[in-house]
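The values are calculated or read from the model by the stated rules, or taken from the named source; none is laboratory data. Computed from a predicted model, the values in this text were never measured in an experiment. Here the Cβ positions follow ideal geometry from the backbone for every residue, glycine too, while neighbour counts run over all protein chains shown. The area values use the complete protein model at the heavy-atom level, side chains included, leaving out ligands, DNA and RNA. Shrake-Rupley method; radii C 1.70, N 1.55, O 1.52, S 1.80 Å.
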Amino acid sequence: MRSDEVKKGYTRAPNRSLLRALGVTDREMELPFIGIANSWNTVVPGHTHLRQLAERIREGVSAGGGVPFEFNTIGICDGIAMGHEGMRYSLPSRETIADSVELMIQAHRFDGLVCLCTCDKIVPGMLMAAARCNIPAIVVTGGPMLSGRSAGKDLSLIDVFEGVGRVSAGTMSEDELQELEKCAMPGCGSCQGLYTANTMACMTEALGMSLPRCAAIPAVHAEKLAIARESGERVVSLVRDNIRPRDIITRASMRNAIRVDMALGGSTNTVLHLMAIAEEASVPVTLEDFNEIGNAVPHICHMQPGGPHSMETLYYAGGIPGVLHRLLPYLEGGMTTSGEDVRAIAEAAPILDASVIRPLENPVHSAGGLKILKGSLAPAGSVIKAAAVNDAMWEHTGPARVFDSEKNAMEAILSDRIREGDVIVLRYEGPAGAPGMPEMLSPTSAIMGRGMTRVVLITDGRFSGGTRGPCIGHVAPEAAVGGPIALVEEGDAIAIDLNKKTIDLLVDAQELERRRAAWKPPQSSLEGVLLRYSRMVGQADRGAVMKK
């Protein structure tokens, strides 16, 4: 066992003395040491209940014959950080989480790892650490929040964000918005729809890194407590059998995760995070894998925000095992943390509501929910959640409305300076340029809230999983490194075609070369984390991971 490095032999008497100060017994010195990385805090609704789940994990580890050691990582709430300077710190936190888990695991020579986490950057950060350290590991995701409720309607956080646009448009009063904000979020758990937090929980299960059903179990359900205990017990078996993350996170399992992503119509952020996890696991995945799989796998679950179904609804319909069952014709076999092959899990899974997990022959859309667009505006690629775009906007050409900051774009939207047909270009918001690649949920929700259906938003930043409409993010190369998006001028014609997967700046090459010769990168005054991050981060098409 790895932990023997800190507890075996007379030279380790000082190390053992410190362990005895924790109450470790002679018998426990012979058992596997299991680290539990817990992102509990009292800032993030998705994390406030994780202490209780950690208790059950510790019980499971002990019952399985291991010794649990719990430690914490940070966790940022993207919703609270949204729309202001704080959002620049969210994506960098993913790297800090991965680093902090690696530091604790490697310094203390744990034999196994349980990652207890919820929300947007925390789940991928912990998966990156598990792949990087490659010791036996299992993930317990905290589960979605129950839906809010008002006047007989289910509510989620996106209703509140879009309410801001409705107040601006004069179709909702500020008092009505305040009532909405009071009843949309009823308690602990990740935000209710298939936004980034829940999509990443689904990806974790689809990868095989959490036990079956884990992703969709609501945060407050007793089944979540049970699966936490089972996961604690199971990780000890993984240690004994020496089954490691890189045995589970393979090219086949990554492609299965992408298949589930396409079937669900998940967040565009999954492209960023799955690419980053693949980088850490040394698995060859490219943006072309997303388009190839998206062409084959239909979109079969009409999830919020583009559709009506919450994660709670998906849970009662059969959860991710039910989705895997539908996708059996496409699935590749592979090991999971449960000890079962993913195809065996899929074959045994019931589908309890075919109106939620629809048959392959009756999909929401015939192709997958995400698309990678390329063209003269995004030579290295960009991402759109096609599942959340109405059919009339799959092809569009319009004039560019150019903004170099989210603040300026938001002011233009709320002051009625954007018109139907416009193509908003929001740049210098990429991984290095922002830095931190902030999400643009505030402007996209304001557009929707104002009732505008024919406005495109294109950015080298990214979008919340709650974004809907023709919103294209992750444009690469980004403006800060001289990508074509930096050369767009007010009024330029931009054409998008989701059927052909193209995004083009309709300006001739000679004119673009003239603009490029005059372009200079913007100067910014940065310090601390953001300064280091801007100098070391890579481009979005490779997952915005730190340069090796």
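What to note about this one:
- Distance from the Cα centroid of segment 19-49 to that of segment 265-338 is 31 Å (rounded to whole angstrom).
- D404/D4 FRET efficiency (R0 56 Å; Cβ-Cβ; nearest 0.05): 0.50
- In Hz, Karplus ³J(HN,Hα) per residue of segment 40-56 (6.51, -1.76, 1.60; θ = phi - 60°; x = Gly, Pro): 4, 7, 9, 9, 9, x, x, 10, 5, 9, 6, 4, 5, 5, 4, 4, 5
- Overall dimensions of segment 183-297, expressed as equivalent-ellipsoid semi-axes from the Cα gyration tensor (√(5λ), whole Å, largest first), are 24, 22, 10.
- For segment 283-402, dividing the convex hull volume of the Cα atoms by the residue count gives 152 Å³ per residue.
- Using a cut-off of 23 Å between Cα atoms, the listed pairs K121/K548; K385/K501; K153/K371; K121/K153 include K153/K371; K121/K153 as exceeding that distance.
- Charge dipole magnitude, Cβ of K and R +1, D and E -1 - segment 115-212, Cα centre, debye nearest 20: 460 debye
- Where N is the number of residues in segment 463-548, Cα Rg divided by 2.2 N^0.38 Å: 1.29
- The chain, relative contact order [Cα under 8 Å, separation at least 6], %: 15 percent
- Cα gyration tensor shape for segment 131-175, rounded if a/c is under 1.5, else prolate or oblate: oblate
- Per-residue packing, averaged as other Cβ atoms within 10 Å, sorts the ranges 535-546, 169-180, 119-130 into the order 119-130, 535-546, 169-180, beginning with the highest.
- Between R454 and S173, the C-beta separation translates, for a Förster distance of 22 Å, into a calculated FRET efficiency of about 0.25.
- Stretch gain in nm, segment S376-T11, where the contour uses 0.36 nm per residue and the Cα spacing is subtracted: 125.1 nm
- Once the chain from N72 to N295 is taken as fully extended at 0.36 nm per residue, the excess over their C-alpha distance is 76.2 nm.
- In this structure, the amide hydrogen of V545, modeled 1.01 Å from its nitrogen in the peptide plane, lies closer than 5 angstrom to those of G538, counting only residues at least 5 positions away or on a different chain.
- The 3J(HN,Hα) values that the Karplus relation (6.51, -1.76, 1.60; θ = phi - 60°) gives for segment 75-80 are, in residue order, x, 9, 8, 4, x, 6 Hz. Gly and Pro appear as x.
- Atom-type composition of the exposed protein surface of segment 452-514 places 49 percent of the accessible area on carbon and sulfur (1.4 angstrom probe).
- Cross-link partners for K182 among the aspartates and glutamates, with Cα-Cα distance under 16 Å and sequence neighbours closer than 8 places in the same chain left out: D154, D159, E162, E174.
- G143 long-range amide H proximity, modeled H, under 5 Å: S190
- Probe 1.4 Å - accessible area at T397, Å² to nearest ten: 90 Å²
- Take the Cα of A348, step 7 Å toward its Cβ, do the same at L526, and the gap between the two points is 4.9 nm.
- Panel values: segment 380-486, Kirkwood radius from alpha carbon pairs, Stokes-Einstein at 20 °C and 1.002 mPa s, translational diffusion coefficient 159 µm²/s.
- Relative compactness, the chain, computed as alpha-carbon Rg over 2.2 N^0.38 Å: 0.96
- The value for segment 217-367 of Rg(Cα) / (2.2 N^0.38 Å) is 1.06.
- The percentage of C-alpha pairs in segment 98-237 whose separation is greater than 17 Å is 64%.
- Only DSSP H runs of four or more residues enter the estimate; each adds -39500 (n - 2.57), and after division by the residues of the chain the mean residue ellipticity at 222 nm equals -12000 deg cm²/dmol.
- Scanning residues 5 or more positions from I135 or on other chains, none has an amide H under 5 Å from its amide H, with H placed 1.01 Å from N in the peptide plane.
- Most tightly packed first, judged by the mean number of other beta-carbon atoms within 10 Å of their residues, the peptides 187-194, 513-520, 348-355, 106-113 read 187-194, 106-113, 348-355, 513-520.
- Positive-end residue, the chain charge dipole about Cα centroid, Cβ charges, pick of V260, S17, G398: S17
- Per-selection Rg to Rh, segment 371-416 - Cα, Kirkwood hydrodynamic radius: 1.02
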